[in-house]
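Notes to accompany the following structure.
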Amino acid sequence: MTQNEMSRRRLLGLGLGLGAAASLTLAGCGGDDDSSGPTAGNGGKDYTGPKVDLKLWNGFTGGDGDIFKALVTRFNSEHQNIAVTTATYEWVDYYAKLPGAASSGSGPDIAVMHMDQLATFAARGVITELDDVARALELSEGDFAPTVWKGGLYNDKRYGIPLDMHPLGFYYNKAVMAKAGLDPNRPPTTKDDYAAALAELKKSGVQGFWVSPFQFTGGMTFYSLLHQWGGSVFDAEATRATFNSDQAVEACTWLTDMVRQGHSPANVGQDADYLAFKSGRNAFNWNGIWQVNDLKKSPGIQWGVAPLPQIGTQPAAWANSHNFTIVKQRAGDANKVSAAKVFINWLSQHSLDWAKGGQVPARKTVRDSADFKALAEVNALAPELEYAAFPPATPGLGEVMTTFYNSFNEAALGKKSPKQALDDGVAKANKQLEDNRKKYGS
């Protein structure tokens, strides 16, 4: 794996403290000109004004970046009065640069943004409302999965139009399974199946499921299991951390028991779980959908992918989503705003091509198409869209989620018991949530 690929995966998560980057006071963002507001144009149906140049920022530094650029080129060829140019940054740099650039007037017109970042940037006035886009294009929850559609809201106003969903999936090494006497075409789907498969793998000398102590991918696995057991990271209003509940302790203990029972080495290094999967040293890996295309580059590996096994009492999977947003400008330009909305709608409608980069399209008509179903591996994870566990629309959660992942890290490394690690993490997280309420005025 290249450094860019590893960095990109790590920034697909929940902020790594990036909420602080957006906490700058953006005095002057949006200016006093109402032409930059959400009512400019006809909400993206079409654009008939003079030619405009639009700047678009994104963080697609991996193979999906080439697919995204090709889509932009195609859009430009079909819209002679709109010219979109792209600038690509590592996600960590992207989110750090955006607030200052918007404030100074040098920011983009359109910004691709992870769902978990929308509330923070909306609260600080960096991005503008898009309710008129949804109305004009007659988009509703029925056109998308409810989890993704609701994720674009902050204070009951829409700030993001969802493009995709990228969940955690269950990868299984067929060759390793077959060697242990398991059916390589029947991966485990329940807690009991999983335990039985691990026992057979252990008999064959394989530690079947390596538990990473890092956010990628052990923290995301714990996040998924917490929700599978019916728990949550926060209460309904996201004012109090709850990841030390009985359900959370049970989920965390199940993972740490993998090490105690000999199904995983201790102190697994960053990405070592995935590299071991590729080299046939383990059988099961919970990892992001973005690994589909990476595995396709290795024809010597016999692998499959499926929705996460249901270990707890209900299905759940960590997921995030890319959304399109429009950045507020110091000097409003109604033509640019109108043209930006046309681009957002067009790319949403053409998200089948984007799915080939390893993403589940947010738009239902695209997911239901025969062409998408032909993308067998990506389509295999589409069912998770209905029960994907997304973070709440609350500003400043990046630092709090880092505390969540660090708490799991301490438990996974055996530095503390699951109960103690989660209790300590919740105490710190609640202080952070209190600070966020003061910072963001909510």
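The residues neighbouring A145, those whose beta-carbon lies less than 14 Å from its own, together hold a net charge of -2 under the Lys/Arg +1, Asp/Glu -1 convention.
Can you compute the helix-only [θ] at 222 nm over the chain? Use -39500 (n - 2.57) per DSSP H run of at least 4 residues, normalise by all residues, nearest 500 deg cm²/dmol.
Numbers: 19 runs with 188 residues, N = 442.
Mean residue ellipticity, 222 nm, calculated: -12500 deg cm²/dmol.
The mean sequence separation of alpha-carbon pairs under 8 Å and at least six residues apart, normalised by the residue count of the chain, gives a relative contact order of 28 percent. Length available on full extension from A427 to N267: 0.36 nm per residue minus the Cα-Cα distance, which gives 55.1 nm.
Between T85 and D46, what is 0.36 nm times their sequence separation minus the Cα-Cα distance? Round to one decimal in nm. Walk me through the intermediate numbers first.
On the way: separation 39, 0.36 × 39 = 14.04 nm, distance 1.92 nm.
Difference between extended and current length: 12.1 nm.
For region 111-136 versus region 295-323, the spacing of their alpha-carbon centroids is 28 Å. Between R74 and S298, the distance separating the two model label sites (each 7 Å from Cα on the Cα→Cβ line) works out to 3.0 nm. Relative to the Cα centre, the charge distribution of the chain, modelled as +1 at Lys and Arg Cβ and -1 at Asp and Glu Cβ, gives a dipole magnitude of about 820 debye. Site pair A196 and D435 shows an inter-label distance of 4.9 nm when each label is modelled 7 Å from Cα along Cα→Cβ.
Work out how much length D93 to A236 would gain on full extension: take 0.36 nm times their residue separation and subtract the Cα-Cα distance, in nm to one decimal. Numbers along the way, then the final one.
Working: separation 143, 0.36 × 143 = 51.48 nm, distance 3.12 nm.
The D93-A236 span can extend by a further 48.4 nm.
Separation of the alpha carbons by more than 32 angstrom is noted, of K191/K373; K97/K150; K45/K296; K45/K297; K328/K438; K157/K415, for K45/K296; K45/K297; K157/K415.
With the Kirkwood sum run over all distinct C-alpha pairs, the chain has a hydrodynamic radius of 22.4 Å. With a Förster radius of 25 Å applied to the C-beta separation of D183 and L275, the computed FRET efficiency comes to 0.50. Once you reduce region 159-182 and region 142-157 to the center of their Cα atoms, the two points are 25 Å from each other. A run of the chain free of exposed loop cleavage sites, with trypsin sites (Lys or Arg not before Pro) counted only in DSSP states other than H, G, I, E and B and at most 11 other beta carbons within 10 Å, reaches its longest extent at 1-296. Using the Cβ of N282 as centre and a radius below 15 Å, the other residues enclosed give a net charge of +3, where K and R count +1 and D and E count -1.
Where a number appears in this text, it was derived from the coordinates with a stated rule and is not lab data. The structure displayed is predicted, hence computed values, not measured ones. With ideal geometry, Cβ positions are generated from the backbone for all residues, glycine too; neighbour counts draw on all protein chains shown.
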